[in-house]
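Below: one structure, written as structure tokens.
The values are calculated or read from the model by the stated rules, or taken from the named source; none is laboratory data. What you are looking at is a predicted structure, and each value in this text was computed from that prediction instead of being measured. Note that each Cβ is placed from the backbone with ideal geometry, even for glycine, and that neighbours are counted across all protein chains shown.
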Amino acid sequence: MKKVTLLTTVAAGLILASCNDSKFDGYTKAENGLHYKFFNHDENGVMVQEGDGITIAYVISNQKNDSVIVDSKQVSSDGSGYVKFGMTKSSFVGSFEDGMMMMAKGDSAAFIVSADSFFLKTNRQNELPKGINPGDFLKGVFKIKDIKTKKELDENEKKQKAEKEAQMKEAEGKEKPMYDKYLADNNIKAKPTASGLIYVEVKKGSGPSPKETDIVKVHYTGKLMDGTVFDSSEGKEPVEFALNQVIKGWTEGLQLMKKGGKAKLILPSSLAYGPQGGGPIPPYSPLVFDIELLDIKPAPAQPEMPAQAGH
């Protein structure tokens, strides 16, 4: 196990130096005013430092009646009660952050701090919540499962960034072959527009085409090139939206349709969700939409701005 440095040891000594006059039974009062009690403590462990990433479970309650204010089980993604966050600078002298920076990996401890300071300084609330009075205290019970140093976090972030860039480059390289194969397999002969949109009319509509500012009502099904359906209005109410508030391929393609018509829109990723993708849609994904245009309505008139004096 790593040994603490002399500097860390001195810092720990300053934090743990106590007045031994805590008014809370079983607790020791540090010089910074923090009341602490360790249940498990690795005295040779490397303590949490500002900038570290920690995996921790905690319960914070009202010290006078033990009513729970927040439990990490309520916010942990897997229900384990452990959450990850970066260790920030102490929000006030004698804070929970000060307490956590007295802990090492595997440690568990309880700390008692000023409720006023926690809510008004740590949480930056404008007033104390109901049930908390000026001068009250909070008790926090913490258990640290893991600690990642800032250096480790930075190295991991660089690694993840490099992996993501490699994956995106690979996806970009696959887009055109995938797109061309789809056109060949489905015997698509329609020529793309200047933007790359391929419009295939399935059923002719009638009347005028919608303008970019119009509101349209449609039924649709969206698919990846392999036929996977990622979204559909089938069996649901049709969707209604302003045509200038959707992906570029829809804005362009629907302006080629008429009310009552059906069409297939084949979009390169540049007209859809691009290099980032979205939800179930991977980066650089060309998409296929089967669309039925049910209705067209003009955008509601915008209220005129009142004339200003002197104009």
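What the table shows:
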item: Failed item, numbered, when SER117 is tested on (1) assigned to a loop (DSSP other than H, G, I, E, B); (2) out of contact with any Asp or Glu (no Cβ under 9 Å at 6 or more places or on another chain); result: (1)
item: Test: SER114 is over 30 Å from ALA242 (Cβ atoms) and touching a His at 6+ places or on another chain (Cβ under 9 Å); result: no
item: The lone exception for PHE92 - which of (1) in contact with a Ser or Thr (Cβ under 7 Å, 6 or more places away or on another chain); (2) part of a loop (DSSP other than H, G, I, E, B); (3) loosely packed, with under 15 Cβ neighbours inside 10 Å; (4) not small (Gly, Ala, Ser) it fails; result: (3)
item: Neighbours by Cβ (under 9 Å, 6+ apart or cross-chain): first from segment 178-196, more than 14 Å from LEU265 (Cα to Cα); second surrounded by 14 or more Cβ atoms within 10 Å (Cβ to Cβ) and of a type in the set (Gly, Ala, Ser); result: MET178/SER285
item: Residue match in segment 124-139 (condition: assigned to a loop (DSSP other than H, G, I, E, B), free of Cβ contacts under 8 Å to residues at least 60 places away in the same chain, on the phi > 0 side of the Ramachandran plot and under 22 Å from the mean Cα position of the chain (by Cα)); result: yes
item: Matching option when the condition is in contact with a Lys or Arg (Cβ under 8 Å, 6 or more places away or on another chain), closer than 16 Å to ALA272 by Cα, of a type in the set (Gly, Ala, Ser) and assigned to a loop (DSSP other than H, G, I, E, B), among SER209, SER195; result: SER195
item: Failed item in (1) of a type outside the set (Val, Ile, Thr); (2) modelled with pLDDT under 95; (3) touching a helix residue (DSSP H, G or I) at 6+ places or on another chain (Cβ under 9 Å), with TYR199 passing the rest; result: (2)
